[in-house]
Amino acid sequence: MRYLDTLDARSVAPSPEAVAALRAFDEPLPAGPGDPAETLRLLDEVGSPATTAMAGRRFFGFVIGGSLPVTLAANWLAGAWDQNTGLYRPTPGTAFLEQVALGWLLEILRLPRGAGGAFVTGATVANLCGLAAARHRVLANAGWNVEANGLFGAPPVTVVVSAEAHPSVTKALGVLGLGRSRVIKVPVDDQGRMRLADFPALSGPTIVCVQLGNVNTGSCDPVAEVCRRARAAGAWVHVDGAFGLWAAAAPSRSHLTAGVGEADSWATDAHKWLNVPYDCGLAFVRDPHALRAAMAITAEYLPTESEFRNPGDFTPELSRRARGVEVWAALRTLGVAGVADLIERNCAQARQFAARLAAAGCEILNDVVLNQVLVAFGDAERTKRVIQGVQEDGTCWAGITVWQGRTAMRISVSSWATTEADVERSVEAILRVAQR
């Protein structure tokens, strides 16, 4: 409670002294039992000051939402329950909550109501799940059982991605044996969107990966037209919507996700724009049988027979925490209107950042369509110095990126707690450092 109560009054970045004090943890392994209260005291007194205030109002370094209070409390309760939510019969409470939450998510994200879903660690594993289902289906359509026979001797699978696809997609392709380099990269426009004029002709077993929410600009690929072309060729469309998929829940932003329901699989994060505790990723697949075929497990000792969904049949993990509990708590508390308001407010705050910084003479490099703002303060070296100075100042925290050859500060607005006053205070700090 003390940590949360003092979060907004402290520097967003930890002080060098706090980081140096972490050496207190590097002690000999105790020979015997100790006082649990003393362990917690040390953890708080030494650990808390050395954390970055990612849960606070003015952390804009990555697309990280703070934890809504109800989701943090739900997380504590789920931790106390300590349910290994892989199978319904041993853990009906948490497995059923996840099933309800998945239904609500399909509704709010405007995805097909019959789609299958999975709670995983984050968008990297969510992308892996969606692409594993895609691999299963396109090869099954070609007469090949990839789960049984592997990729040795399998028909080749063509993978089409954006030239600015997120590295998590690339990593998932590598893990699945589809190759990090043997992909067709579609050139992008000046906002990072796929250029349809350069989209390749499709034939044979093919997976197309599109993006909702470019990690730098927030831009969205033309999903509807990609899906139309893919459908005509019998290809599978996977959507990496780590944060951008949530635009579907906001009335003024939903046009950016037009056609998303026509895709075949989707990946997103709840620990980004739904503001639940880390970690919580989400994978959805139109054909739940394809996801289950890629992920299901059987063993003689496991009670897999059930009248309800076994969560472990849809995820890479069998041992897993009940991530769906805090998602259920967030959706139950916010409702449709509350989620929409959260996203609308963050998008408006991103536009506030851009307008105030542009008025002061800073260069805004992107069209601010969602929650991402790219800012340059002159050449690369000066921009780097400003970013370092802002991080050291401690009023707020924004990160660095290089996008289409330009070094920039990347501001990501994702927290339920951020206010217009926080934006103004942060802008003042950024301009103060830049002028200095």
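The values are calculated or read from the model by the stated rules, or taken from the named source; none is laboratory data. Not measured: the values here are computed from a predicted model. Neighbour counts are summed over all protein chains in view; Cβ atoms, including those assigned to glycine, are modelled from backbone coordinates with ideal geometry.
Observations, loosely collected:
- Yes/no for ALA232 being under 23 Å from SER414 (Cβ atoms), among the small types (Gly, Ala, Ser) and not in a loop (DSSP other than H, G, I, E, B): no
- Out of VAL390, VAL369, VAL375, sole residue that is closer than 30 Å to VAL120 by Cα and hydrophobic (A, V, I, L, M, F, W, C): VAL369
- Residue tally, condition assigned to a helix (DSSP H, G or I) and of a type in the set (Val, Ile, Thr), over region 259-291: 1
- Criterion violated by ASP341 - all others in (1) of a type outside the set (Phe, Trp, Tyr); (2) under 19 Å from PHE60 (Cβ atoms); (3) under 21 Å from the mean Cα position of the chain (by Cα) satisfied: (2)
- Residue match in region 147-157 (condition: closer than 20 Å to LEU245 by Cβ, surrounded by 19 or more Cβ atoms within 10 Å (Cβ to Cβ) and out of contact with any Cys (no Cβ under 9 Å at 6 or more places or on another chain)): no
- Test for ARG113: is it more than 17 Å from VAL210 (Cα to Cα), in the same structural domain as ILE297 (by TED's automatic domain parsing), among the basic types (Lys, Arg) and in contact with a strand residue (DSSP E or B) (Cβ under 8 Å, 6 or more places away or on another chain): no
- Identification of strands (runs of 3 or more DSSP E) wholly contained in region 337-436 with 1 or more residues that are buried (at least 23 other Cβ atoms within 10 Å of the Cβ) yields 372-376, 406-412.
- When the test is whether a residue is free of Cβ contacts under 8 Å to residues at least 40 places away in the same chain and closer than 17 Å to ASN127 by Cα, ASP279 does not pass it.
- Exclusive hit being closer than 30 Å to PHE60 by Cβ, at pLDDT 95 or above, in a helix (DSSP H, G or I) and of a type outside the set (Ser, Thr, Tyr), set VAL226, VAL215, VAL210, VAL169: VAL169
- Residue count, region 147-168 (criterion: under 18 Å from LEU202 (Cβ atoms) and in contact (Cβ under 8 Å) with a residue 40 or more places away in the chain): 9
- Of all residues in region 150-162, none are assigned to a helix (DSSP H, G or I) and not basic (Lys, Arg).
- Residue among GLY234, GLY259, GLY241 that is surrounded by fewer than 24 Cβ atoms within 10 Å (Cβ to Cβ) and closer than 16 Å to ARG110 by Cα: GLY259
- Just one residue in the set ASP264, ASP287, ASP240 is among the acidic types (Asp, Glu), assigned by TED's automatic domain parsing to the domain that holds LEU102, in contact with a Lys or Arg (Cβ under 6 Å, 6 or more places away or on another chain) and closer than 27 Å to PRO155 by Cβ; that residue is ASP264.
- Which numbered condition PHE62 fails, given (1) surrounded by 14 or more Cβ atoms within 10 Å (Cβ to Cβ); (2) at pLDDT 95 or above: (2)
- In region 237-257, the condition of being aromatic (Phe, Trp, Tyr), at pLDDT 95 or above and within 15 Å of the chain's Cα centre (by Cα) is met by at least one residue.
- Every pair of residues 6+ apart whose Cβ atoms lie under 6 Å, when the first sits in region 187-213 and is among the polar types (S, T, N, Q) while the second is surrounded by fewer than 21 Cβ atoms within 10 Å (Cβ to Cβ): GLN191/ASP367; THR206/THR158
- Here ALA224 passes the criteria (1) buried (at least 24 other Cβ atoms within 10 Å of the Cβ); (2) touching a Gly at 6+ places or on another chain (Cβ under 7 Å); (3) aliphatic (A, V, I, L, M) except the one numbered (1).
- Residues of region 158-195 that turn out to be in contact with a Cys (Cβ under 8 Å, 6 or more places away or on another chain) and not aliphatic (A, V, I, L, M), as a count: 2
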